[in-house]
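The values are calculated or read from the model by the stated rules, or taken from the named source; none is laboratory data. Since we're looking at a predicted model, the values are computed, not measured. Cβ placement follows ideal geometry from the backbone for every residue including glycine, while neighbour counts extend to all protein chains displayed.
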Amino acid sequence: MDLIEQTIASVPPLDEAAMRDARDHQARLTKPPGSLGVLEEVSVRLAGLAGCCPPPMPEPAAVAVFAADHGVHAQGVTPWPQEVTAQMVANFLAGGAVVNAFAAQVGAGVSVVDIGVAADLDAAPGLIRRKVAHGTADLARGPAMTDGEARRAMEVGIEVARDLVAEGAACLVTGDMGIANTTASAALIAAFTGLPPERVTGRGTGIDDATHARKVEVVRTALALHGLPAEDGADPLGVLAAVGGLEHAAIAGFVLGAASLRVPVVLDGVIAGAAALAAAALCPRALGACVAGHRSAEPGHTAAVDALGLRPLVDLELRLGEGTGALLALPLVQGAVRVLHEVATFDSAGVSGKDAGPRN
Ligand SMILES: O=C(O)c1ccc[n+]([C@@H]2O[C@H](COP(=O)([O-])O)[C@@H](O)[C@H]2O)c1
Ligand SMILES: Cc1cc2nc[nH]c2cc1C
């Protein structure tokens, strides 16, 4: 068995007994039952993922920013020059990007993975050099990647997840950087959900009406060219190779890697959402490890999280990527688990429970 199959085979189902323990414990804590809303569900799921209650605190966290370029850039789907991908990688490494500020805010480490930047990048502290190709080919004219490239990128994602956890991370966070990658994301989301291109294609970094109309047509052309959505069900690696990006394949692997290690992974925006659709198509159990950090302004992201049955924790109309929305959600995930560790029960604190007193 190769790394991908091995990883998929080792993803456990959520532990029902641990989830029951977490629900029972939540009911005993000094608060009205259910009063922590969605955070209670998060705490129960992370107990199921860990297989114990309380689950380990999801800290420290580590964000991996997977960076890659896209051949579909040639179709005029974004106003930004392709070299911005490499320039932003340099900015991440220098500590000057929003992801660095938000990671510092929550004490998370930042690693940058060159999974497919078009330019050759020099070695630098914090840069994980695992380039699979110098960007993808144009998905509107042929397959974006070979099957081998998609597999290799997915393997790198698994390996990065394993390495970060081995170095001490108890929570993983997805990040991405890739000019034109919202076009590949829209194509992936259309391919996996069956929704039409106009429903899932957004304005990315910010495009005018004419560019948006062209982007929708590029996605439509690509889907027709590759026969997507496939009538007989999607071959997830084939879909990734046809219309995905190297960072999508890597993030799909990162999700599988986290799930196989029983470590939660907080998903960022539309790129992670598209990648998670691929991961879930390969291994539905992997969804047990996924927390949707935020709802991106991209319409395809809402389509993706709806299809995955995930509820984004933060909704601030962000559309930056890099891992920024997921990092903002991290304290919510950590707070949800801390409640199970630290909050007193009605018994231990001597607080009367509901219906304990006289009725009038
Ligand atoms: O995370 C998101 O939902 C998101 C939404 C819009 C844009 N982005 C970021 O913007 C870049 C891609 O935008 P574009 O317009 O060039 O396709 C890429 O680097 C992404 O990280 C990210
Ligand atoms: C400046 C810039 C920063 C980004 N960060 C993630 N995607 C980005 C796209 C651009 C254009």
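Here are some notes:
- Set Ala161, Ala140, Ala187: member being within 17 Å of Gly269 (Cβ to Cβ) and touching a residue at least 40 places away in the same chain (Cβ under 8 Å): Ala187
- For Ile251, the conditions (1) surrounded by 24 or more Cβ atoms within 10 Å (Cβ to Cβ); (2) not in a helix (DSSP H, G or I) are fulfilled apart from (2).
- Filtered residues of segment 135-157 (kept if under 24 Å from the mean Cα position of the chain (by Cα) and assigned to a loop (DSSP other than H, G, I, E, B)): Gly135, Thr136, Ala137, Asp138, Leu139, Pro143, Ala144, Met145, Thr146
- Scanning segment 305-360 for residues that are in a loop (DSSP other than H, G, I, E, B) and within 19 Å of Val255 (Cβ to Cβ) yields Gly309, Leu310, Arg311, Pro312, Leu313, Gly321, Glu322, Gly323.
- Neighbours by Cβ (under 8 Å, 6+ apart or cross-chain): first from segment 204-230, assigned by TED's automatic domain parsing to the domain that holds Ala184 and closer than 21 Å to Phe192 by Cα; second outside any helix (DSSP H, G or I) and at pLDDT below 95: Leu228/Ala234
- Residue list for segment 62-94, filter: more than 9 Å from ligand 1 (Cβ to nearest atom) and either out of contact with any helix residue (DSSP H, G or I) (no Cβ under 8 Å at 6 or more places or on another chain) or among the hydroxyl-bearing types (Ser, Thr, Tyr) (or both): Gly71, Ala74, Pro81, Glu83, Ala86, Gln87, Val89, Ala90, Asn91, Leu93, Ala94
- When each of Val291, Val243 is tested for being of a type in the set (Val, Ile, Thr) and either over 22 Å from Val42 (Cα atoms) or at pLDDT below 95 (or both), the lone residue that passes is Val243.
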